[in-house]
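One structure is given here, and the rest of the page talks about it.
The values are calculated or read from the model by the stated rules, or taken from the named source; none is laboratory data. Treat the numbers as computed from the prediction; the structure is a model and nothing was measured. With ideal geometry, Cβ positions are generated from the backbone for all residues, glycine too; neighbour counts draw on all protein chains shown. With ligands, DNA and RNA removed, areas are computed over all heavy atoms of the protein, side chains included. Shrake-Rupley method; radii C 1.70, N 1.55, O 1.52, S 1.80 Å.
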Amino acid sequence: MAKLLEGKNIASQIRDTLSKRISSSTTKLCLVSIQVGDNPSAEIYTRSQKKNAELLGIEFQLLKLDYSISQERFIEFLNGLNNDTQVHGIIVQLPLPTHLDYKKISEFISPDKDVEGINPVNMGRLVFGRSKVVPCTAQAAVELVNSTGVNLEGKEVVIVGHSEIVGKPLALLLLDKLATVTVCHIGTAKNGHLEEHVRRAEILFVAVGKAGLIKGEWIKKGAIVVDIGINKVDDKIVGDVEFEEAEKRAEWITPVPGGVGPLTVMMLMRNLVSLAL
Ligand code: NAD
């Protein structure tokens, strides 16, 4: 039976380190989170941001913008925050209304206040392995694997999902560790090749958002499984991997919830400290 890869213990160790660094500085850190319109899933995340910021003595401001705000007005708003010396970090909460272009907006968050690591300048630095900030979920997934003590060099790593905030940065981080990285996505599934790639994985990351997509019997014996997916099924939160069968085969597996999630918000706090202190 697999051992559980839980995020909360690692998150609390990182919180202790950050807390010491913050309390030894005279700068009063301020994090601004922007939410457009009402969205229950964004509110879960902003509550967690607020709680973790306050535990670390970081000022947290939640700015709620009207659903109908135009792209131009949104960018003006960001420029105001970029120029405000009292603000150290900016988060734009997803999902955004469809009339707002997130990729374009990410270009207007100052790279020096980009705590989510999504500005193309920071993404470009990541390609060179030189970014101060890395997209939080990707970094959280790597921290979990590191906590097992595994040496990633030459390992067969399979990532399912190729989004800008998870799969793509994750692939870059793992290549820097000299893992052999395969990235699967909807095209792989459409061609019927998903199962064969997943079966090869010594380390598997899944970030799709489809409950039960990865069959438990596909998991290689002794694999490390990091399930990033979040799905609501019958009022319960589950990942993308069939947990009960997978845990019989894996050596390590993340629970959902309780795996990547608790660490993601701590990565945000660490990015803020790296940029501002
Ligand atoms: P996204 O929608 O941007 O990307 C989904 C990816 O899945 C794409 O690469 C797509 O090609 C791929 N895909 C879709 N259907 C597929 C299929 N049948 N087979 C194989 N690949 C398929 O998603 P995202 O923003 O990266 O989020 C993915 C999941 O991770 C969601 O469930 C999201 O809620 C979760 N998430 C969790 C955290 C966390 O902190 N735990 C953070 C971010 C996202």
Can you tell me which residues in the stretch 216-242 are within 12 Å of Leu204 (Cα to Cα) and in a strand (DSSP E or B)? Ile224, Val225, Val226, Asp227, Val241
So which residues in the stretch 158-178 are open to solvent by 70 Å² or more (accessible area, probe 1.4 Å) and either near the ligand (Cβ under 10 Å from one of its atoms) or in a loop (DSSP other than H, G, I, E, B) (or both)? His162, Glu164, Lys168, Asp176, Lys177, Leu178
Mind listing whichever residues of the stretch 243-277 are away from the ligand (no atom under 14 Å from the Cβ), surrounded by fewer than 21 Cβ atoms within 10 Å (Cβ to Cβ) and not in a helix (DSSP H, G or I)? Glu251, Trp252, Leu277
Here is a list: Lys50, Lys28. Which entry is open to solvent by 30 Å² or more (accessible area, probe 1.4 Å), at pLDDT 95 or above and assigned to a helix (DSSP H, G or I)? Lys50
Within the stretch 84-106, identify whether any single residue is on the phi > 0 side of the Ramachandran plot and in contact (Cβ under 8 Å) with a residue 12 or more places away in the chain, and answer yes or no. no
Which members of the stretch 144-157 meet the condition of being in a loop (DSSP other than H, G, I, E, B) and without any contact (Cβ under 8 Å) to a residue 40 or more places away in the chain? Gly149, Asn151, Glu153, Gly154
Can you tell me how many residues in the stretch 66-105 are away from the ligand (no atom under 16 Å from the Cβ), aromatic (Phe, Trp, Tyr), part of a helix (DSSP H, G or I) and open to solvent by 20 Å² or more (accessible area, probe 1.4 Å)? 1
Can you tell me how many residues within the stretch 206-215 are closer than 18 Å to Glu245 by Cβ and either surrounded by fewer than 23 Cβ atoms within 10 Å (Cβ to Cβ) or among the aromatic types (Phe, Trp, Tyr) (or both)? 5
Exactly one of Lys220, Lys190 is of a type in the set (Lys, Arg) and within 10 Å of the ligand (Cβ to nearest atom), and that residue is Lys190
Do we have any residue at all in the stretch 179-195 that's part of a loop (DSSP other than H, G, I, E, B) and touching a His at 6+ places or on another chain (Cβ under 7 Å)? yes
